[in-house]
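Inspection log for the structure reproduced underneath, given as structure tokens.
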């Protein structure tokens, strides 16, 4: 009988699968249900967990296309590492890059309770590992690296195998920093205009000192703007290049205005 496959966000039905102790008709029905569900859904394998059973049973498709049931499977040997792009019925239409063992050996029991072993490599080894994970109530999510897990969680959030990039923020604290720097330049310009109406040498020197100190503030503020803008740009991977270009362009324009204001102020001081 074809069964419904448990999919995300339904939690695992068991924390750990229970080993089969009785090889009876109930077990035969479970295995047939697994096979029917695999064939109906064009899958490569299923664990009993994936159709709501708590037994430690998996059924997988071998390289020749035949289905084999592994009862109470255990990994007893692993060798080599390989990173592969995996998909699983639990996370429909989503994939992740998972590090697996390249070669494995598994002991298990067959439908007649006979102890068996099987060696596997390549895709078949990866398939066995993925299905055995389910017997521990786990999915490949627990196998992901920190970076890959972050990417996959984004896929879960958007329900798409293509990570939707974050958008650049329309406004941010760096905009206020730039506005403050421009206000300082405007103050320098106002002091310049004021100096046109002052004839006293000492007063002109005082105005120049004010302008000089404010120009230092503009320079320091522009550095803060660059550093914070770069930091913010790193948080939004989709707009890093445009952020850097905007930052540099804004600072260049600011420094040009500052330079012109200070040159004129020096001439009239």
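I'm trying to understand the selection: among the residues of the stretch 154-193, which are under 24 Å from the mean Cα position of the chain (by Cα), at pLDDT 75 or above and either closer than 13 Å to residue 229 by Cα or surrounded by fewer than 16 Cβ atoms within 10 Å (Cβ to Cβ) (or both)?
Those that are under 24 Å from the mean Cα position of the chain (by Cα), at pLDDT 75 or above and either closer than 13 Å to residue 229 by Cα or surrounded by fewer than 16 Cβ atoms within 10 Å (Cβ to Cβ) (or both): 154, 156, 157, 158, 159, 160, 161.
Checking the condition in contact (Cβ under 8 Å) with a residue 12 or more places away in the chain and farther than 30 Å from residue 155 by Cα, which residue from 31, 38 passes?
After applying the criteria, what remains is 31.
So in the stretch 18-28, with the set limited to residues that are in a helix (DSSP H, G or I) and in contact (Cβ under 8 Å) with a residue 40 or more places away in the chain, which one is nearest to residue 52 (Cα to Cα)? Steps first, please.
Taking the stretch 18-28 first, the residues in a helix (DSSP H, G or I) are 25-28.
So of that shortlist, the ones also in contact (Cβ under 8 Å) with a residue 40 or more places away in the chain come out as 27-28.
Details: 27: 14, 28: 16 Å.
Per the stated criteria, the residue is 27.
Regarding residue 210, is this residue surrounded by fewer than 18 Cβ atoms within 10 Å (Cβ to Cβ) and either touching a strand residue (DSSP E or B) at 6+ places or on another chain (Cβ under 7 Å) or modelled with pLDDT of 85 or more (or both)?
Against the criterion (surrounded by fewer than 18 Cβ atoms within 10 Å (Cβ to Cβ) and either touching a strand residue (DSSP E or B) at 6+ places or on another chain (Cβ under 7 Å) or modelled with pLDDT of 85 or more (or both)), residue 210 qualifies.
For residue 20, are the conditions met, namely being at negative phi, surrounded by 14 or more Cβ atoms within 10 Å (Cβ to Cβ) and assigned by TED's automatic domain parsing to the domain that holds residue 109? Write out each step before concluding.
On the way: at negative phi: yes; surrounded by 14 or more Cβ atoms within 10 Å (Cβ to Cβ): yes; assigned by TED's automatic domain parsing to the domain that holds residue 109: no.
So residue 20 does not fit the description; no.
The values are calculated or read from the model by the stated rules, or taken from the named source; none is laboratory data. Since we're looking at a predicted model, the values are computed, not measured. Heads up, the Cβs are rebuilt from the backbone with ideal geometry, glycines too, and the neighbour counts pull from every protein chain shown.
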